[in-house]
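A.B. asks: Structure incoming, see below.
The values are calculated or read from the model by the stated rules, or taken from the named source; none is laboratory data. Quantities reported herein were computed from a predicted structural model and do not represent experimental measurements. As a convention, Cβ positions derive from the backbone with ideal geometry for all residues, glycine included, and neighbour counts pool all protein chains shown.
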Ligand code: HEC
């Protein structure tokens, strides 16, 4: 058996070995040198992986990584106070942060809640429709589409409170047709949407200023619609009437 294997190896390698001796001597030496040189990178990698150095690693392609510069909180010799971070120039206002018009931006006029809409807004059908649209997106989940405070989030929260899931507690959203809220000046409603009130979060980050005013206008229309009688509606005499049982006649 062993003989047979030896025979096969000899048959296979024999011609190769014979050929090898035909190759010129310098090429054979080259092969030896290249083979030895090929171990150098491996040896370097091995050495690098197993040694420690307190110097920064070799950084051939700089890409402006190292350059003279100052980063925040640095000490600087350029300025007398030794700080690289310069204080803001007095009176600087970031772009878009100018809120000089307190009526428009805060709902405040003469240190009180504004009782009128800012003069730069026109309260027309288009604005009310915009307000309705925004109200339906942002407010109905809690206050309900009709504003009575029966939104789906509220109904769901009540179920969770009743079943005592995870110790849920819940403050009911206000009924926007309550007398106290109906009497609130528009500026106060605007402020509630902007900054929130007690447990309700503010919406300044999500809803732009003008849209917040549009929502206020829509709330006013919604409140008005509860108390309006038919004499205030054009063509109301043509509408079907309900009797005291609510049956349409
Ligand atoms: C996540 C639920 C939720 C959403 C959404 C929500 N509210 Fe409220 N809102 C509340 C709760 C709760 C209260 C009562 C807060 C309290 O009494 O602690 C409240 C109170 C109010 C009040 C009464 C403020 C007062 O002075 O008592 C107004 C007005 C109001 N919300 C308007 C809005 C408008 C407009 C929107 C949409 C931009 C809105 N809310 C969206 C939960 C919500």
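A.B. asks: Which condition from (1) outside any helix (DSSP H, G or I); (2) more than 32 Å from the chain's Cα centre (by Cα); (3) surrounded by 10 or more Cβ atoms within 10 Å (Cβ to Cβ) is the one that residue 44 breaks?
C.D. replies: Of the numbered conditions (1) outside any helix (DSSP H, G or I); (2) more than 32 Å from the chain's Cα centre (by Cα); (3) surrounded by 10 or more Cβ atoms within 10 Å (Cβ to Cβ), the odd one out for residue 44 is (1).
A.B. asks: Any chance segment 138-158 includes a residue that's more than 27 Å from the chain's Cα centre (by Cα), surrounded by fewer than 10 Cβ atoms within 10 Å (Cβ to Cβ) and part of a loop (DSSP other than H, G, I, E, B)?
C.D. replies: no
A.B. asks: Sticking with this structure for a sec: Can you tell me which residue is farthest from residue 204 (Cα to Cα) among those in segment 50-105 that are touching a helix residue (DSSP H, G or I) at 6+ places or on another chain (Cβ under 7 Å) and not in a loop (DSSP other than H, G, I, E, B)? Can you show your working first?
C.D. replies: From segment 50-105, those touching a helix residue (DSSP H, G or I) at 6+ places or on another chain (Cβ under 7 Å) are 99, 104-105; that's our starting set.
Subsequent filtering for residues that are not in a loop (DSSP other than H, G, I, E, B) retains 104-105.
Working: 104: 13, 105: 10 Å.
Step by step, filter segment 50-105, then rank; the result is 104.
For every residue, the table says whether it meets (1) under 22 Å from residue 224 (Cβ atoms); (2) in contact (Cβ under 8 Å) with a residue 24 or more places away in the chain; (3) away from the ligand (no atom under 15 Å from the Cβ).
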{"position": "86", "(1), (2), (3)": "no, no, yes"}
{"position": "97", "(1), (2), (3)": "no, no, yes"}
{"position": "110", "(1), (2), (3)": "no, no, yes"}
{"position": "124", "(1), (2), (3)": "yes, no, yes"}
{"position": "132", "(1), (2), (3)": "yes, yes, no"}
{"position": "142", "(1), (2), (3)": "yes, yes, no"}
{"position": "157", "(1), (2), (3)": "no, no, no"}
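A.B. asks: Moving on to the next point. Name the pairs whose Cβ atoms lie under 6 Å apart, with the first residue in segment 231-249 and free of Cβ contacts under 8 Å to residues at least 40 places away in the same chain and at positive phi, the second surrounded by 10 or more Cβ atoms within 10 Å (Cβ to Cβ) and outside any loop (DSSP other than H, G, I, E, B), and 6 or more positions between them or separate chains?
C.D. replies: Qualifying pairs under 6 Å: none.
A.B. asks: Here's another thing I want to ask about it. Would a scan of segment 162-171 turn up a residue that is in a loop (DSSP other than H, G, I, E, B), free of Cβ contacts under 8 Å to residues at least 12 places away in the same chain and near the ligand (Cβ under 9 Å from one of its atoms)?
C.D. replies: Taking segment 162-171 and keeping what is in a loop (DSSP other than H, G, I, E, B), we get 164, 168-171.
This time we only want the ones that are free of Cβ contacts under 8 Å to residues at least 12 places away in the same chain, so: 164, 168-169.
Filter again for near the ligand (Cβ under 9 Å from one of its atoms), leaving none.
Checked segment 162-171: no residue is in a loop (DSSP other than H, G, I, E, B), free of Cβ contacts under 8 Å to residues at least 12 places away in the same chain and near the ligand (Cβ under 9 Å from one of its atoms).
Rundown of residues vs (1) assigned by TED's automatic domain parsing to the domain that holds residue 186; (2) modelled with pLDDT of 90 or more; (3) farther than 30 Å from residue 194 by Cα, yes/no style:
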{"residue": "39", "(1), (2), (3)": "no, yes, yes"}
{"residue": "65", "(1), (2), (3)": "no, no, yes"}
{"residue": "93", "(1), (2), (3)": "no, no, no"}
{"residue": "97", "(1), (2), (3)": "no, no, no"}
{"residue": "113", "(1), (2), (3)": "yes, yes, no"}
{"residue": "117", "(1), (2), (3)": "yes, yes, no"}
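A.B. asks: Kindly provide the set of residues from segment 179-215 that are within 8 Å of the ligand (Cβ to nearest atom), more than 28 Å from the chain's Cα centre (by Cα) and in a loop (DSSP other than H, G, I, E, B), ordered by number.
C.D. replies: Within segment 179-215, 184 is the sole residue that qualifies.
A.B. asks: Based on what the data block shows, is residue 131 exposed (fewer than 10 other Cβ atoms within 10 Å of the Cβ) and either modelled with pLDDT of 90 or more or over 19 Å from residue 211 (Cα atoms) (or both)? So that I can check it myself, show each step before the final result.
C.D. replies: Numbers: exposed (fewer than 10 other Cβ atoms within 10 Å of the Cβ): no; either modelled with pLDDT of 90 or more or over 19 Å from residue 211 (Cα atoms) (or both): yes.
Criteria not met by residue 131.
A.B. asks: Restricting attention to segment 219-226, does a residue exist that is free of Cβ contacts under 8 Å to residues at least 40 places away in the same chain, assigned to a helix (DSSP H, G or I) and near the ligand (Cβ under 8 Å from one of its atoms)? Walk me through how you get there before you give the answer.
C.D. replies: Taking segment 219-226 as the starting set, the residues that turn out to be free of Cβ contacts under 8 Å to residues at least 40 places away in the same chain are 220, 224-225.
Those left that are additionally assigned to a helix (DSSP H, G or I): 220, 224-225.
In the following step, the residues that additionally are near the ligand (Cβ under 8 Å from one of its atoms) were identified as none.
Taking every residue of segment 219-226 in turn, none turns out to be free of Cβ contacts under 8 Å to residues at least 40 places away in the same chain, assigned to a helix (DSSP H, G or I) and near the ligand (Cβ under 8 Å from one of its atoms).
A.B. asks: Does segment 117-126 hold any residues that are part of a loop (DSSP other than H, G, I, E, B) and exposed (fewer than 11 other Cβ atoms within 10 Å of the Cβ), and which are they? So that I can check it myself, show each step before the final result.
C.D. replies: Of all residues in segment 117-126, those part of a loop (DSSP other than H, G, I, E, B) come to 117-124.
Result: 119, 120, 122, 124.
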